[in-house]
Amino acid sequence: MFAIETENLTKYYGKHRGVVSLFLQVKEGQIFGYLGPNGAGKTTTIRLLMNLIGPMDGNAKVLGLDLNKSGLEARRHIGYLPGELSLYEDLTGKELLNYLGNLGRSVDWALVAYLSELFECDLTRPIRELSRGNKQKIGLIQAFMHKPDLLILDEPTIGLDPLMQHAFLELLERVKKEGRTVFLSSHNLGEVEKSCDEIGIIREGKLVAVESVESLKQKFLKHIEVEFKSAPPLEAFAGITNIIDIKPKGTVFEFVIQGELDPMLKRIAEFEVENLTSHDISLEDIFMDYYSGEMENA
Ligand SMILES: Nc1ncnc2c1ncn2[C@@H]1O[C@H](COP(=O)(O)OP(=O)(O)O)[C@@H](O)[C@H]1O
Ligand SMILES: [Mg+2]
């Protein structure tokens, strides 16, 4: 079952492209990262999913509910962090959460206590006095405090320092263990690489790739540098199909590997190895490949 399913979802702002013909599927229990640069259409997608704006074409189902018919009902089961937070500035964090809590959904106050401790968040100060990062924390608390089945978070870690970003990852782990679903947007690769099961890449309003983080990494290349006691013959590595390239420099061989490492490792182990270093290609490089257009629709 899908927590989010869109069909041909399309939104223009007048003549300006918002998102174009999105077919998006997010499985239940997944953490889905929605990745793209500024202006790509992330916030537009999220507002469509929250039924805050209507599509010009297409449709979306959230938690099995058709947004055309049951948008309000769907929203009750979603924890939402908007991209531009506008909180009630005169209230303190506590007062705001109390107010939101009284809007009809039950709040787990023990959970609020846990969250405010996790994020080292002072709920007694008026929101207007808070830094951007501290406002963001209150935004996060209100999104998570109902224990929603689905969280839709628009650039959740913006303004959070590294320690708090780590706390956020911890929270995602917890939500995932409970089998709940998270859809988060980001332009930060490191973040989605660490936290997401699957990522969708949006570019100029179009979804250009959806792939599991695992298989993205599989698809792409690793560099392994091996220093041999004495240089083996190049033919020794013939027939290992996932060796894409070998650059021998004296006794040091640089291998470029796609996918499985094991066959290559077994082969090099037949020779005396003095040293071995490997570096994974980061998701950032992978992402850049998508953006350079080479891997588009691959
Ligand atoms: N209210 C609006 N009026 C006109 N254009 C808009 C509006 N909101 C967004 N856009 C345009 O839609 C495109 C997608 O924006 P947005 O969804 O905010 O992207 P992202 O969140 O990925 O940065 C951008 O080109 C942006 O300028
Ligand atoms: Mg945005």
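Derivation of every value follows stated rules applied to the coordinates shown; laboratory data play no part. Please read all numbers here as calculations on a predicted model, not as lab measurements. Counting neighbours? That spans all protein chains shown, and the Cβs are built from the backbone with ideal geometry, glycine included.
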Next on the checklist: Between Ser230, Ser212, Ser195, where does the largest GNM mean-square fluctuation fall for the chain, given springs only between Cα atoms within less than 10 Å?
Outcome noted: Ser230
Checklist entry - Which of Glu270, Glu95, Glu155 moves the most in a Gaussian network model of the chain with Cα springs under 10 Å? => result Glu270
Checklist entry - Given the options Thr92, Thr45, Thr251, which has the most mean-square fluctuation in a GNM of the chain, springs set between C-alpha atoms less than 10 angstrom apart? => result Thr251
Next on the checklist: Suppose each label sits 7 Å from its Cα in the direction of the beta carbon; what would the Asp57-Glu117 distance come out to in nanometres?
Outcome noted: 5.3
Checklist outcome for this item: Amide H contacts under 5 Å for Lys27, restricted to residues at least 5 apart in sequence or on another chain and with H modeled in the peptide plane, are Ala3
Item to check | Prolate/oblate/rounded label for region 118-244 (Cα gyration tensor, a/c 1.5) | outcome: prolate
Checklist entry - Among 24-33, 56-65, what's the highest-first ranking by average C-beta atoms within 10 angstrom per residue? => result 24-33, 56-65
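Would you mind classifying region 161-202 by shape? Square roots of the alpha carbon gyration tensor eigenvalues, ordered a ≥ b ≥ c; an a/c under 1.5 is rounded, otherwise it is prolate if a/b is larger than b/c and oblate if not.
Working: a/c = 2.29, a/b = 1.07, b/c = 2.13.
Oblate.
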Checklist entry - If you count, for each residue, the other Cβ atoms within 10 Å and average over each peptide, how do 97-103, 168-174 line up from highest to lowest? => result 168-174, 97-103
Item to check | Cα long-axis angle, helix 132-144 against the chain (0 to 90 degrees, to the nearest 10) | outcome: 80
Checklist entry - With N residues in the chain, what two-decimal value do you get for its Cα radius of gyration over 2.2 N^0.38 Å? => result 1.22
Checklist outcome for this item: With the 8 Å Cα cutoff and a minimum separation of six or more residues, the chain has a relative contact order in percent of 20
Checklist outcome for this item: Amide H neighbours of Arg203 at under 5 Å, excluding residues fewer than 5 places away on the same chain, with H built from the backbone geometry, are Val208
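Determine one quarter of the surface area of the Cα convex hull of region 221-280, which equals its mean projected area, and express it in nm² to one decimal.
3.5
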